[in-house]
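**Student:** Take a look at this one; I'll ask things after.
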Amino acid sequence: MRSRIGLLRRLTNSWHSYLNQMKCAVIGGKGFIGKHLAFYLKGRGYDVKTYDIIPGEEENYLCADMTNSESVSKIDLNVDYIYMFAGLTGTYA
């Protein structure tokens with residue numbers, strides 16, 4: 001029984017270290033949902049990069065317009081998960 005508990009602890013610790021290395025991209029990271037998701041993921045230990053058309057000074061942030069192919073090409077796609085919350089609004093459409 002002890003060996004199973006020890007194995008379970010080792011697996012759990014390795015799983016948590018794997019999750020801490022996960023990289024996520026949140027496109028639309030300045031909006032209501034994207035902002036809260038990025039905050040949540042950072043709190044869970046994920047490496048989060050956010051992208052939005054609204055200028056910002058945050059760490060791992062890039063100002064990118066999803067309707068412009070040049071700025072879309074700047075997005076780092078070397079991530080494990082991509083969350084897409086960008087959309088056209090009356091402000092920038």
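FYI, it's all coordinate maths here, none of it is from the lab. The structure presented is a predicted model; accordingly, all values stated were derived computationally and were not measured. Glycine gets a Cβ as well: all are built from the backbone with ideal geometry, and neighbour counts include every protein chain shown.
**Student:** With Cβ to Cβ distances under 13 Å as the rule, what net charge do the other residues near ASP52 carry (K, R +1; D, E -1)?
**Tutor:** Once positives and negatives cancel, what remains is +1.
**Student:** Mind ordering 73-85, 28-40 by average Cβ neighbours within 10 Å, highest first?
**Tutor:** Descending packing order for the listed peptides: 28-40, 73-85.
**Student:** What would the Debye formula give as log10 I(q)/I(0) at q = 0.18, 0.27 Å⁻¹ for the alpha-carbon point model of segment 28-93, no solvent?
**Tutor:** The Debye formula, applied to the Cα set alone, gives -0.65, -1.42.
**Student:** Right, another one. Would you tally the net charge around SER71, using a Cβ to Cβ cut-off of less than 15 Å, leaving SER71 out, and scoring K and R as +1, D and E as -1?
**Tutor:** Once all neighbours under 15 Å are counted, the net charge is -1.
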